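The values are calculated or read from the model by the stated rules, or taken from the named source; none is laboratory data. Everything quoted here is computed from the prediction, not taken from an experiment. Cβ placement follows ideal geometry from the backbone for every residue including glycine, while neighbour counts extend to all protein chains displayed. Heavy atoms of the whole protein, side chains included, go into the accessibility calculation; ligands, DNA and RNA do not. Shrake-Rupley method; radii C 1.70, N 1.55, O 1.52, S 1.80 Å.
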Amino acid sequence: PEVTAATLSITPPGFDEVHLPFRVGDYNVFNAVNLGIAEVGSDEELPDGIYKLTYSVAPANENFVTKQFMRVDQLQEKFDKAFMRLDLMECDRAIKQQSKVELDSIYYMIQGAIAAANNCVTVQAAKLYKKADSLLERFMDSGCSCN
């Protein structure tokens, strides 16, 4: 059947649920402005965290699906900077190898946070995200540790 009244409800992390029209078969853009996070004209990015989406068609109380996902763009940007720093460090091979192992562990925590959020295990997703962020901060603050 043809969808005549599709809506999308999005709950950004730390914000209230927003109900938005959804055009089936069209390109729908959702950003910080139309989610009520930023003022019109702002180029503020969406925050990292778990987003809950509910797609519904009329009547909404009978025909809907709810999904959630974790946005990790800011954490991924921080990870990329750490990774590039590793590549540019002038340390000996053993220190560089240990740093790579640390970054690999952090990467798997990020992927674990995404997987947990996708499977509605929100507490575990938040813990893994915070742990990865904390380890990245420590990694960036530690420097190369060799002269």
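Worth pointing out:
- Test for Thr54: is it at pLDDT below 95 and among the β-branched types (Val, Ile, Thr): yes
- Residue tally, condition open to solvent by less than 30 Å² (accessible area, probe 1.4 Å) and either in a loop (DSSP other than H, G, I, E, B) or in contact with an Asp or Glu (Cβ under 6 Å, 6 or more places away or on another chain) (or both), over the range 1-12: 3
- Set side by side, the residues Gly41, Gly14, Gly49, Gly25 differ, and just one is modelled with pLDDT under 85 and on the phi > 0 side of the Ramachandran plot, which is Gly25.
- Criterion: touching a helix residue (DSSP H, G or I) at 6+ places or on another chain (Cβ under 8 Å), open to solvent by 80 Å² or more (accessible area, probe 1.4 Å), of a type outside the set (D, E, K, R) and over 26 Å from Ser142 (Cβ atoms) - qualifying residue of Phe15, Phe64, Phe69: Phe69
- One residue stands out in the range 33-61 among those that are polar (S, T, N, Q) and over 21 Å from the mean Cα position of the chain (by Cα): the one that is least open to solvent (accessible area, probe 1.4 Å), namely Ser56.
- Some residue of the range 81-103 being open to solvent by less than 50 Å² (accessible area, probe 1.4 Å), under 22 Å from Glu137 (Cα atoms), assigned to a helix (DSSP H, G or I) and touching a residue at least 60 places away in the same chain (Cβ under 8 Å): no
- Flag if Phe30 is out of contact with any strand residue (DSSP E or B) (no Cβ under 7 Å at 6 or more places or on another chain) and either part of a loop (DSSP other than H, G, I, E, B) or open to solvent by 80 Å² or more (accessible area, probe 1.4 Å) (or both): no
- Qualifying positions in the range 104-123 - assigned to a helix (DSSP H, G or I) and either touching a residue at least 12 places away in the same chain (Cβ under 8 Å) or surrounded by 18 or more Cβ atoms within 10 Å (Cβ to Cβ) (or both): Ser105, Ile106, Tyr107, Met109, Ile110, Gly112, Ala113, Ile114, Ala116, Ala117, Asn118, Thr122
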